[in-house]
1. Is it true that A:LEU117 is in contact with a helix residue (DSSP H, G or I) (Cβ under 7 Å, 6 or more places away or on another chain), more than 13 Å from every other protein chain (Cβ to nearest Cβ) and crowded, with 23+ Cβ neighbours inside 10 Å?
2. Mind listing just one residue for me: the one in region B:24-54 that is under 22 Å from B:VAL134 (Cβ atoms) and within 13 Å of DNA strand C (Cβ to nearest atom) and, of those, surrounded by the fewest Cβ atoms within 10 Å (Cβ to Cβ)?
3. Only one residue in B:GLN74, B:GLN79, B:GLN108 is among the polar types (S, T, N, Q) and either closer than 19 Å to B:VAL153 by Cβ or within 16 Å of DNA strand C (Cβ to nearest atom) (or both). Which one?
4. Spot the failing condition for A:PHE37; the list is (1) closer than 30 Å to B:PRO111 by Cα; (2) away from DNA strand D (no atom under 15 Å from the Cβ); (3) not small (Gly, Ala, Ser), and only one is missed.
5. Quick one: what pairs do we get from region B:38-65, first residue away from every other protein chain (no Cβ under 14 Å) and at pLDDT 95 or above, second assigned to a loop (DSSP other than H, G, I, E, B) and away from DNA strand C (no atom under 12 Å from the Cβ), C-beta under 6 Å, 6+ apart or different chains?
6. Could you go through region A:61-69 and let me know if any residue there is exposed (fewer than 14 other Cβ atoms within 10 Å of the Cβ) and over 20 Å from A:ALA175 (Cβ atoms).
7. Which residue, of B:ARG20, B:ARG102, is in contact with a Leu (Cβ under 9 Å, 6 or more places away or on another chain), without any contact (Cβ under 8 Å) to a residue 40 or more places away in the chain and under 30 Å from B:ASP192 (Cα atoms)?
8. Among the residues of region A:185-201, what is the count of those that are crowded, with 17+ Cβ neighbours inside 10 Å and either at the interface with another protein chain (Cβ under 9 Å from one of its Cβ atoms) or under 18 Å from A:ARG145 (Cα atoms) (or both)?
2 protein chains.
Amino acid sequence: MATVSSLTYDDLGSAAQRDRRRRILDATMALAARGGFDAVQMRAVAEQADVALGTLYRYFPSKIHLLVSALARQFEETQVSLGRKPIPGDTPADRVAFVLARATRGLQKEPNTTEALTRAFMFADSSVAGEIHVVGLQLTAMLNRALKGADYVEGAEPTEEELAVARVISDVWLAALVSWVTGRLSAQEVTDHLDTAVRLLLR
Amino acid sequence: MATVSSLTYDDLGSAAQRDRRRRILDATMALAARGGFDAVQMRAVAEQADVALGTLYRYFPSKIHLLVSALARQFEETQVSLGRKPIPGDTPADRVAFVLARATRGLQKEPNTTEALTRAFMFADSSVAGEIHVVGLQLTAMLNRALKGADYVEGAEPTEEELAVARVISDVWLAALVSWVTGRLSAQEVTDHLDTAVRLLLR
DNA sequence: GGTAAAACTGCAACGTGTTTCTATTATGCC
DNA sequence: GGCATAATAGAAACACGTTGCAGTTTTACC
């Protein structure tokens, strides 16, 4: 089970290569938005990104790598935009609920995209460990910022307990997302579900 | 997204058909045990079950339906064997931890099988809703029995709170399972992770 | 036992992810 | 500028999930 990995932004030397990578991820997101996981077909991505199929595979060794990398890029952008203002809410529970509600709203707006990215994330095997790790770090960082609120400082070690709480919440979030994507939960139920979990954990 | 469904045991009239179904699921588990998700190839399942490919698809409309149905059957058996004795432990937390630890141990023994079933479960889309619902019910029932202990009676309504706790725990379990399958968590970490979540929730 | 319907077999074919290969183009170095 | 190397294009081929179909067998019913 070799760990193959996608070419990250930093790996790429030339501007042309970074641009190719960007075009590929853009095409991936566009196709995902239109038709979800099934619509993200490698030939279609290559064509829309104006890149040969072989090149696409050089940048992302599988469809799953591609989609998880797209998820990671998306998360980065969310992080940046979320980082501009302090998170509203007086208690950790309020702030976490705020962040989750906001994220959930964002996902609802593009249900096909969410379906594509979520299913790829859940289907990933160990060869995608690197890409998944990136996403995991981002998620943890986001939740930690919410838990700590104004006390948050970059790189500060969370306590054991905070870490555990953040982990459970992201687990619940992931499970809820999967349920929503497969039509087992409505958007409202996802939010309720998350609120309940936060309430149970942060009391 | 039509909801197609697998033929359940009860659907099948004749003994020959029930036997075909059993052979198919046996073949599925055997192949899964040997090589995981990728080794469960529809042609191979059909051949090993001594059934034509078309027949296999008549019983299970997709590979995912097939694997999730195999998971459901597995769960049923676990339920039955678990139902024979009261669950040890004086507190809900102890009993839940016991059940989870036991289940986790069981999964470790057949990592390839676990990988196959877990990935199918996570990849399932809404057409598999029926099969997934069955698994969900079994999981919920199991956790409720553990929460209630000796007070458990068949069909008793759990409280809102109990339900919420059980749901969060199964979410954490699922997420842990996915992490284990993809090599992000060791078996020990899965157990620890679950214990921590139980401790946070049942205090 | 005969017959219509349903189930099953065997096999070919299609779609999409993935691999492979050759020719062409871009890049870095002297 | 010229050359070695790497990157890319283009296209064919392979693998496996899935579908379709003609012929055969089993089942249900009278």
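1. Numbers: in contact with a helix residue (DSSP H, G or I) (Cβ under 7 Å, 6 or more places away or on another chain): yes; more than 13 Å from every other protein chain (Cβ to nearest Cβ): yes; crowded, with 23+ Cβ neighbours inside 10 Å: yes.
Judged against the criteria, A:LEU117 is a match.
2. Ranking the candidates gives B:MET42 first.
3. Numbers: B:GLN74 fails: either closer than 19 Å to B:VAL153 by Cβ or within 16 Å of DNA strand C (Cβ to nearest atom) (or both); B:GLN108 fails: either closer than 19 Å to B:VAL153 by Cβ or within 16 Å of DNA strand C (Cβ to nearest atom) (or both).
None of the others qualify; the one that does is B:GLN79.
4. (2)
5. Cβ pairs passing all conditions: B:PHE60/B:SER6; B:PRO61/B:VAL4.
6. Within region A:61-69, the first condition is being exposed (fewer than 14 other Cβ atoms within 10 Å of the Cβ), and the residues that meet it are none.
For region A:61-69, residues exposed (fewer than 14 other Cβ atoms within 10 Å of the Cβ) and over 20 Å from A:ALA175 (Cβ atoms): absent.
7. Numbers: B:ARG20 fails: under 30 Å from B:ASP192 (Cα atoms).
Answer to the selection: B:ARG102.
8. Of all residues in region A:185-201, those crowded, with 17+ Cβ neighbours inside 10 Å come to A:185, A:190-191, A:193-194, A:196-198, A:200-201.
If we keep only those that are either at the interface with another protein chain (Cβ under 9 Å from one of its Cβ atoms) or under 18 Å from A:ARG145 (Cα atoms) (or both) as well, we get A:193-194, A:196-198, A:200-201.
The number of residues fulfilling the criteria is 7.
The values are calculated or read from the model by the stated rules, or taken from the named source; none is laboratory data. Note that the structure is predicted; figures quoted are calculated from it, not measured. Using ideal geometry, Cβ is built from the backbone for each residue, glycine included, and neighbour counts are taken over all protein chains shown.
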